[in-house]
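The values are calculated or read from the model by the stated rules, or taken from the named source; none is laboratory data. Since we're looking at a predicted model, the values are computed, not measured. Using ideal geometry, Cβ is built from the backbone for each residue, glycine included, and neighbour counts are taken over all protein chains shown.
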There are 2 protein chains.
Amino acid sequence: MEIHTEGVHTQETCSAAAGAIRDALYVIGGKWKLPILMTLASGPQRFRELQRALEDITPKVLSKELKELELNEFVSRTVHPTTPVTVEYSLTGYSSSLQKVLIELRDWGFAHRQRLKASLKAAKSQPAHAE
Amino acid sequence: MEIHTEGVHTQETCSAAAGAIRDALYVIGGKWKLPILMTLASGPQRFRELQRALEDITPKVLSKELKELELNEFVSRTVHPTTPVTVEYSLTGYSSSLQKVLIELRDWGFAHRQRLKASLKAAKSQPAHAE
DNA sequence: GATAGCAGTATCCCAAAGGATACTAGTATC
DNA sequence: GATACTAGTATCCTTTGGGATACTGCTATC
C-alpha cells in the first residue's frame with residue numbers, strides 16, 4: 001500500500017495518513033458536494049438557481065451542503081441587498097486546490113470501471129469453476 | 001473546478017467525470033476499507049488476525065468489507081486446508097494502483113486541516129464581527 | 001388583498017451503514 | 001465431555017444521510 005512515500009512506517013504516521021485521507025474523503029463525500037461544486041464551476045449561482053440546476057435536491061439538504069462547503073472555504077456566500085434579498089454562491093480560489101485530487105480520482109475511477117468490466121466479461125466467457 | 005483537463009465541457013463529460021469520481025470514492029469509502037488495506041499492507045493476515053488488529057470491527061462488517069475489497073480486486077483470499085481451515089487475505093498487485101490517489105488525498109487532507117486550523121485561529125483573534 | 005417569488009427552516013420519515021450479540025460446523029486441547 | 005480455536009452467518013438495533021412536505025418573513029405583482 002505505501003501511503004507514506006518517504007520515511008518510516010510508524011503506527012503514528014500511518015494513522016495520521018489515514019486520518020488525513022478520511023478528512024479529504026469527508027469534505028468531498030456525500031451525494032451532493034461534487035454536483036454543487038460542478039454546478040458552481042459554470043459561474044456564481046443563487047440559492048434557487050442551484051436548486052433548479054440540481055433538480056431533486058431539497059432546500060434543507062442544499063442549505064446544509066452549502067454551509068459545509070462554506071466552512072471548508074470552497075464556496076463563498078454573498079448577500080445582495082436587492083428586494084427581495086438575493087444570495088449568491090460562488091467558488092473560491094481555494095476550491096481549485098481540489099483539482100489534482102479530483103482528476104486523480106476521476107482517472108482512477110475510469111480505469112477501475114474498465115478493469116472491472118473486462119474481468120467480468122472474462123469470467124463469463126470462462127466455463128464454470130474454471131477459477 | 002475544471003474536472004476535465006483537456007477538451008470541451010459538455011454535460012456528458014462532466015457527469016461522466018462525476019460518475020467516475022463517485023465510483024472511486026465508493027470503493028475506498030466507508031469506515032473500514034482503508035484501515036483494512038493499511039493493515040494488510042504489513043503482510044497477509046487471517047480473518048481473526050485482521051479482526052484483532054482492527055479492534056472494534058465486528059465479524060459481520062469485516063466479512064462484508066473483505067468481500068467488497070475482493071470484488072474490486074484489491075485483496076485476494078486463499079484458503080489453507082489446515083485444521084481448522086485458515087483463510088489468508090493479502091493485497092493484490094492491483095491494490096497499489098491506488099497509491100497515487102491515496103497520496104494525493106492524504107497530502108490534500110493534511111494541507112486542508114492546516115488551513116482550517118489557521119483560519120480558525122485568525123477568526124478567534126479577531127474582534128467579533130470584524131468579518 | 002390573494003398569489004408568487006426569494007432564501008431558507010422545521011418536522012417527520014425512510015433507507016443504508018454499521019454495531020451488538022448470539023450462533024454455526026469442525027477439531028484440538030484440558 | 002467442556003472449552004477454545006477457526007471463519008464466518010444471522011438477527012436485531014442504532015445512527016446517519018438524505019428526502020418529503022410544510023412553513024417562515026419579506027416584497028412585488030395581479
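Some points to look at:
- Tally, over the range A:53-66, of residues that are in a helix (DSSP H, G or I) and closer than 22 Å to B:T13 by Cβ: 2
- Residue within the range A:96-109 that is assigned to a helix (DSSP H, G or I), at pLDDT 95 or above, in contact with a Leu (Cβ under 8 Å, 6 or more places away or on another chain) and polar (S, T, N, Q) present: no
Here's the yes/no breakdown for (1) among the acidic types (D, E); (2) surrounded by fewer than 16 Cβ atoms within 10 Å (Cβ to Cβ); (3) more than 7 Å from chain B (Cβ to nearest Cβ):
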{"site": "A:H9", "(1), (2), (3)": "no, yes, yes"}
{"site": "A:Y26", "(1), (2), (3)": "no, yes, yes"}
{"site": "A:L40", "(1), (2), (3)": "no, no, yes"}
{"site": "A:L50", "(1), (2), (3)": "no, no, yes"}
{"site": "A:L54", "(1), (2), (3)": "no, no, yes"}
{"site": "A:I57", "(1), (2), (3)": "no, no, yes"}
{"site": "A:K67", "(1), (2), (3)": "no, yes, yes"}
{"site": "A:E70", "(1), (2), (3)": "yes, yes, yes"}
{"site": "A:V79", "(1), (2), (3)": "no, yes, yes"}
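- Number of residues in the range A:1-39 that are at pLDDT 90 or above and assigned to a loop (DSSP other than H, G, I, E, B): the value is 4.
- Of all residues in the range A:73-106 being among the charged types (D, E, K, R) and within 12 Å of DNA strand C (Cβ to nearest atom), the one that is nearest to the chain's Cα centre (by Cα): A:R77
- Residues in the range B:54-78 that are under 20 Å from B:S95 (Cα atoms) and among the aliphatic types (A, V, I, L, M): B:L54, B:L62, B:L66, B:L69, B:L71, B:V75.
- Total residues in the range B:54-92 satisfying the condition of being among the aromatic types (F, W, Y) and near DNA strand D (Cβ under 8 Å from one of its atoms): the figure is 1.
For (1) aliphatic (A, V, I, L, M); (2) free of Cβ contacts under 8 Å to residues at least 12 places away in the same chain, each residue gets a yes or a no:
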residue: A:K60; (1), (2): no, yes
residue: A:L71; (1), (2): yes, yes
residue: A:T78; (1), (2): no, no
residue: A:L91; (1), (2): yes, no
residue: A:S95; (1), (2): no, no
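- Any chance B:L40 is within 15 Å of the chain's Cα centre (by Cα), away from DNA strand D (no atom under 14 Å from the Cβ), aliphatic (A, V, I, L, M) and farther than 21 Å from A:F110 by Cβ: no
- Annotation for the range A:14-22: no member residue is loosely packed, with under 12 Cβ neighbours inside 10 Å, under 22 Å from the mean Cα position of the chain (by Cα) and not acidic (D, E).
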